[in-house]
Amino acid sequence: MKPYVEMTIEELSSELEALRIEYRKYQGLNLNLNMSRGKPCREQLDLSMGLMDALNSEADLTCEDGTDCRNYGVLDGIQECKELIGDMMENRPDNIIIYGNSSLNVMFDTVSRAMTNGILGHTPWCRLDKVKFLCPSPGYDRHFAITEYFGIEMIPVPMSPSGPDMDMVEELVSSDESIKGMWCVPKYSNPQGYSYSDETVRRLARLNPAAPDFRIFWDNAYGIHHLYDMDRDTVMEILAACKRAGHPDMVYKFASTSKITFPGSGISALAASPNNLEDIRKQLTVQTIGHDKVNQLRHVRFFGDIHGMVKHMQKHADILRPKFEAVEEILEKNLAGLEIGTWTKPRGGYFISFETLPGCAKAVVAAAKKAGVIMTGAGATWPYGKDPQDTNIRIAPSYPPLEDLKTAAALFALCVKLVSAKKILDEKTAAAKACGKEG
């Protein structure tokens, strides 16, 4: 089929009527499918059921250094867990603090601490007239929710397959002292699945911010979440890059096991420079006596080491890969050549990013919902929920069963065609009327 924009008004009218008939058939199926969040499916959760057997009432809950995990103490995590998570994050155990199950919680606390107490002796952000964050967009809605909660002004930065627009980042950060932070999902980014190039990481590490307390919030959520063994992305390690560039304190790096074991009871961690860690521990000593050491030991006993974790992630990939490929195949089959949308083909992570024609994303999501498929809200991937072109839609293939996912993807593609055909037809009809009046 030729591109919609090349069709005549008569051809588009005929196409639109056929699409509406097909859409009504889907409505008659009474679907109730959800592709809105990147949740692991039941089969993925089942992979970690061995965690429940890693410890029992007969288990020795003593660490190698003699720590009894049942008792108080060990503020920043048991050594065995710091070594395991350190290997996962590509950082030394001494540069890591182990937290509870949610890295988002750690990010929130980190922003909150900067607001109330400042960073390394600098003025608390809450005492400043203006605080701004750079937000590579499309990006992660929950990052944006944190900064919006604290009243921090968000500045969208365009994303490319190699990462954020570094010319823009360098100019803004070096000239505006009120810019205090930047969100980054450097590997298999949410939602596009892009990974930062080495050049992007080097340029980030070499930033010369006007604000001495500027920090990069490096959310390495998908560091080992590859879909393919032989075709995977790699990202330069940011802490080492910053240290080489003479800016060792400029980054907070976050990660978790949320999409490795159980999101509800995993482990999160923060990696940072010694100066930053000392600053953070001052708060932690007041906030807690330590996080769940039993769960930390459980994860160590379950995986053994990083090799066990890598093998575990290959099992996740075997479940996820067919789902991503099914969505990509259906989009290709139904939309290729029509010139009404583009989509990413990530090699890891949890999302596919779809770009509609300008002004169509909200209408596509609404049409899908009306027929029984829930998508992430259009605009959610932009600060304040405002997509300036109304084009981006995040597709989350992980949670639905494969056959349900295929149905949802086919309906989604139909909704893209339906909304796009109507838009182009309306534009052509309006243009034809204008020409008639002029004639």
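At a probe size of 1.4 Å, how large is the accessible area of residue 342, to the nearest 10 Å²?
Taking all protein chains as shown, residue 342 has close to 90 Å².
For a protection proxy built on the mean count of beta-carbon atoms within 10 angstrom, sort 27-38, 363-374 highest first, please.
The most tightly packed comes first, giving 363-374, 27-38.
How large is the Kirkwood hydrodynamic radius of region 1-59, counting all unique pairs of alpha carbons, in Å?
16.8
Can you give the Rg to Rh ratio for the chain, taking only C-alpha atoms and Rh from Kirkwood?
Rounded to two decimals, Rg over Rh is 1.02.
I need the Debye-formula profile for region 270-351: one equal scatterer per C-alpha, no solvent, reported as log10 I(q)/I(0) at q = 0.17, 0.20 1/Å, two decimals.
With one equal scatterer per Cα and no solvent, log10 I(q)/I(0) is -0.88, -0.99.
Would you mind working out the accessible area per residue for region 289-339, using a 1.4 Å probe, and quoting it in Å²?
That works out to 47 Å² for each residue.
Just the ratio, please: alpha-carbon radius of gyration of region 395-439 over 2.2 N^0.38 Å, N its number of residues.
1.91
Which order do the peptides 55-67, 78-90, 326-338 come out in when sorted by mean C-beta neighbours inside 10 angstrom, highest first?
Highest mean packing first, the order is 78-90, 326-338, 55-67.
Using unit Cβ charges (K, R positive; D, E negative) and no other charged atoms, how large, in debye to the nearest 20, is the dipole of region 1-110 about its Cα centre?
It comes to approximately 740 debye.
For the chain, which whole percent of the accessible surface, found with a 1.4 angstrom probe, sits on carbon and sulfur atoms?
C and S fraction of accessible area: 49 percent.
Give me the extension gain from residue 49 to residue 177: residue separation times 0.36 nm, minus the current Cα-Cα distance, reported in nm with one decimal.
41.2 nm
Need the full-extension length gain, residue 435 to residue 10, defined as separation in residues times 0.36 nm minus the C-alpha distance. One decimal, nm.
151.3 nm
Please name whichever of 116, 73, 91 sits farthest to the positive end of the charge dipole of region 36-137, dipole taken about the Cα centre and charges placed at Cβ: Lys and Arg +1, Asp and Glu -1.
Value: 116.
Report, in debye and to the nearest 20, how large the dipole of the chain comes out about its Cα centre when Lys and Arg carry +1 and Asp and Glu carry -1 on their Cβ.
For the chain, the charge dipole is close to 960 debye.
What is the log10 of I(q)/I(0) for region 286-397, computed with the Debye formula using one identical point scatterer on each Cα and no solvent, at q = 0.22, 0.24 Å⁻¹?
Ignoring solvent entirely, the Cα scatterers give -1.20, -1.35.
How much of the DSSP beta bridge set in the chain is antiparallel, as a percent to the nearest 5?
45
Would you calculate, for the chain, the mean residue ellipticity at 222 nm contributed by helices, counting each DSSP H stretch of 4 or more residues as -39,500 (n - 2.57) and dividing by all residues, to the nearest 500?
Helix-only estimate at 222 nm: -14000 deg cm²/dmol.
Going by alpha carbons, how many degrees (0 to 90, nearest 10) lie between the helix axis of 274-287 and the longest principal axis of the chain?
Tilt relative to the chain: about 80 degrees.
Past the 31 Å Cα-Cα mark, which pairs from 2/362; 132/311; 2/323; 25/323; 253/362?
132/311; 253/362
Could you tell me the convex hull volume per residue, in Å³, taken over the Cα atoms of region 64-191?
That works out to 146 Å³ per residue.
Once you list every other residue whose beta carbon is under 12 Å from the beta carbon of residue 1, what net charge do they have if Lys and Arg are +1 and Asp and Glu are -1?
-1
Would you please report the Å³ per residue occupied by the convex hull of the alpha carbon atoms in region 137-266?
Convex hull of Cα atoms, per residue: 116 Å³.
Which pairs break 29 Å Cα to Cα here: 315/417; 180/369; 345/423; 386/422; 243/345?
315/417; 180/369; 243/345
Which FRET efficiency value, to the nearest 0.05, is calculated for residue 167 and residue 108 with the Förster distance at 30 angstrom and r the Cβ-Cβ distance?
So the FRET efficiency works out to roughly 0.50.
Compute the acute angle (0 to 90°) between the alpha-carbon long axis of helix 306-335 and the principal axis of greatest extent of the alpha-carbon atoms of the chain; round to the nearest 10°.
The helix 306-335 is inclined about 10 degrees to the chain.
Evaluate the distance, in nm, between pseudo-label points positioned 7 Å from the Cα of residue 148 and of residue 64 along their respective Cα→Cβ axes.
It works out to 4.5 nm between the two label points.
Dipole of region 45-182, Cα-centred, from +1 at each Lys and Arg C-beta and -1 at each Asp and Glu C-beta, to the nearest 20 debye?
660
The values are calculated or read from the model by the stated rules, or taken from the named source; none is laboratory data. Given the structure is predicted, the values throughout are model-derived calculations rather than measurements. Quick reminder, even Gly has a Cβ in these numbers, built from the backbone with ideal geometry, and neighbours come from all protein chains shown. Note: accessible area is taken over every heavy atom of the protein model, side chains too, but ligands, DNA and RNA are not part of it. Shrake-Rupley method; radii C 1.70, N 1.55, O 1.52, S 1.80 Å.
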